[in-house]
Amino acid sequence: MTPHTDTRTKIVATLGPASATAEVLDELLLAGVDVVRLNLSHGTLESHLERMQQVREAAARTGRVVAVLADLPGPKVRSGQFPDGGGVLVGGASVVLTTEEGPSTVDRITVDYPTLLADLQPGDRVVLGDGAISLRADAVSDTCVECVVLTGGVVQGRPGVHLPSERLRLTTPTEDDLVLGRAMAEAGADFLAVSFVRAAHDLRVVREAILPYTTRLVAKIETMPAVVALEAIAAEADAVMVARGDLGIECPLEDVPHLQKRIIRHCVEVGVPVITATQMMESMITSPSPTRAEVSDIANAVFDGTDALMLSAETAIGADPAAVVRSMARIAGRAESEASYAQWASRLGRSQREQWPDGPSRITMAITHAAGMAAADAGAAAILCCTTTGRTARAMARFRPTPTLISLSPDPATVRAMALSWGVRSLAVSTYHSTDDLVWFAVERAVQSGLVESGQTVLVLAGAPDRPSGASTDVLRIVRVL
C-alpha cells in the first residue's frame, strides 16, 4: 500500500483491540494517521508502554512522522455493578442514588463518591454513561438522593456518573494520573492529555510531576469551568482538545457547536494546536461508510480551523480502522479545498497587531505574518521553519498558508510533536552554527525529502543559531532553489 496524499488537517487515532496488530497499525499510518492515542483508562501501564514501542516501530517501517499521545484517565465517578445483562431505566420512573457500597439496580444506584449527598442539590442533573441517560435530583436526605429519570435507557456494567463539575470535589490530576504520566513521559510519550482540566494550575501540577521530562501537555476542555478559564489554560497548554463528549453532558447540547468554534478560534489565534474529538465517525464502528451528518461534522470542524480530528472507538474497536481513517482523510481534504484560509489569515493579522504585547512573541508573530504575505507575493512553493522547540512552525501554521509548511528541527521530540500542528511536514536536521549554514542546509534537506524541487522559490524562517533557545524568530529569507 502506498501512503495517502497528506491532508493538512491532522488525524489522531486511538489504538485498541481492533488496531493491535503490526499489520493494522501500518495500515493506519499509511492511511493518514499523524498521532496515535493511547487511552490509559483501559489496560495496564505495561500494555501501553508496549504499544508505544509498536508505534515507533511502525513509524520506522512506514517512513511516517508519528507522535504518541497518552490520554490520562482523570477523576471518574462510577456506579456499582449492575446485574448481568443490565437493566432498563424508564423515563419518568423514580430512582435513588446512595453512597452505600454494593451492586446497583434500576431502583437503587450505588455511587462511589463519598460526598454525593453533600454535593448534590435539588434540581441538579445527573448523567449516566455517555450521556444517553439523565436523571434530575428532586430531594436530598441523609441517606440518599431521590431522582426522577428524565431520559431512560439500558444500563449495564459500571457506567460513569457525571455530576455538576462546579461542585465536584475530585481533583485533577489524580494521584494515579501523576504516576501514569511520569511513567509515560519517562518512556518517551510525545503528549500527555490531562482529563477534566478546570484551571491552568492543573497543568502546572502535571508538569512539575513529570520533571525533568518535557513531554507536551494537552488540556482536555470538557467542563464549563475550563471553558471559562480557556485563555489561561491555552496559555499554559501545549495543545488543547475539544472533548465534546463530557462537554455535551456539562452543558446543553445545542451549546456544543458554538463552544467548539470559540475554543478552536482562540487556540488558532494564539498558536496552540487544537484537536476536535468525540463521535466524529461513530457509525463506522460497524458501518462501512459514515453518515451524512458525520461527513458534515468533519467538514465543519475543518472550516472552523481545527488542527486535528480525533477518532476514538472507531479505530479502537471498529470493524475496519484503516477504512475509517481513509474516509476521514478524504472528507477533510475536500473541506480544505474550500476553507476560507486567506480570509482567516487577513483577520488574524489585524487582530494580533491590536492584542499582542511587546516582547519576543510579538516579533515571532509579526515575522510569520510577513512571511505569509511574502510567500503569496513571491509565489513561494514552501515555507521552511527552522525551529528548536516548534514555536516558529506553530506560529506560521496559525495563518494556514497555501505553500507547503515545513518544520526542520534537530530535536527528535520536536520533529514528532509537529505531527499535531495543522499543515506541518516535519523533518530532522543537524545543528548549525551560522544563519547562512542554517538556511542552506534547510533548503537542501527539503529538496532531499522531495518536498521542494529545483526552480521553486521558498521562504526560510529562522532565529540566529547563536542566540538562546526561546529567542524570537527574526530571520526571513527568500531563496530560489537551484
Here the convex hull volume per residue of the stretch 26-68, taken over Cα atoms and given in Å³, is 62 Å³
Nearest 10 degrees is fine. How inclined is helix 200-210 to the longest principal axis of the chain, computing both from alpha carbons?
80 degrees
So the angle from the long Cα axis of helix 22-31 to the longest Cα principal axis of the chain, reported in degrees to the nearest 10, equals 60 degrees
Taking every alpha carbon pair in the stretch 205-271, what does the distance histogram look like in 5 angstrom bins from 0, in percent?
3, 17, 28, 21, 15, 9, 4, 1, 0
Spatial separation of Cα centroids for the stretch 1-71 and the stretch 283-316, in angstrom
17 Å
Work the Kirkwood hydrodynamic radius out for the stretch 1-159: mean of 1/r over every pair of different alpha-carbon atoms, inverted, in Å.
18.5 Å
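Find how much the distance from THR431 to LEU170 grows on full extension, using 0.36 nm per residue of separation minus their present alpha carbon separation; answer in nm with one decimal.
Length gained between THR431 and LEU170: 89.4 nm.
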Largest-first principal axis extents of the Cα set of the stretch 341-480 (Å):
39, 33, 27
Report the percentage of all Cα-Cα pairs in the stretch 357-411 whose separation exceeds 17 Å, rounded to a whole percent.
33 percent
Would you work out which of PRO17, VAL65, ILE317 lies farthest towards the positive end of the dipole of the chain, given +1 charges on the beta-carbon of Lys and Arg and -1 on that of Asp and Glu, about the Cα centre?
VAL65
Which residues among the stretch 138-168 fall inside the zone where the amide N is under 17 Å from a point 7 Å beyond the Cα of HIS42, along Cα→Cβ?
156-160
How are the Cα pair distances of the stretch 110-241 distributed, in percent, across 5 Å bins from 0?
2, 10, 17, 17, 16, 14, 11, 8, 4, 1
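Among ARG204, ARG244, which comes first, second and so on when ranked by fewest other beta-carbon atoms within 10 Å? Could you put the intermediate results ahead of the total?
On the way: ARG204 12, ARG244 23.
Result, fewest neighbours first: ARG204, ARG244.
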What value, in deg cm²/dmol to 500, does the helix sum -39500 (n - 2.57) over DSSP H runs of n ≥ 4 give at 222 nm once divided by the residues of the chain?
-11500 deg cm²/dmol
Output the relative contact order of the stretch 87-167, whole-number percent, from Cα pairs under 8 angstrom with separation of 6+ residues.
35 percent
For the stretch 87-167, what size does the Cα cloud have along each of its three principal axes, sorted from largest down, in whole Å?
28, 25, 21
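How much of the DSSP bridge set in the chain is antiparallel, in percent, rounded to the nearest 5? Present the calculation step by step, with values, prior to reporting the outcome.
Details: 27 of 73 bridges.
Beta bridges within the chain, antiparallel portion: roughly 35 percent.
With 10 angstrom as the radius, rank GLU166, GLU46 by how many other C-beta atoms surround their C-beta, starting from the fewest.
Details: GLU166 12, GLU46 9.
Going from least to most buried by this count: GLU46, GLU166.
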Which whole-number percent gives the relative contact order of the chain, counting Cα pairs below 8 Å spaced six or more residues apart?
14 percent
Would you mind checking the tilt of helix 341-355 against the longest principal axis of the Cα atoms of the chain, expressed as 0 to 90 degrees and rounded to 10?
90 degrees
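We did not get these values from a lab; they are worked out from the coordinates using the rules stated. The structure displayed is predicted, hence computed values, not measured ones. Counting neighbours? That spans all protein chains shown, and the Cβs are built from the backbone with ideal geometry, glycine included.
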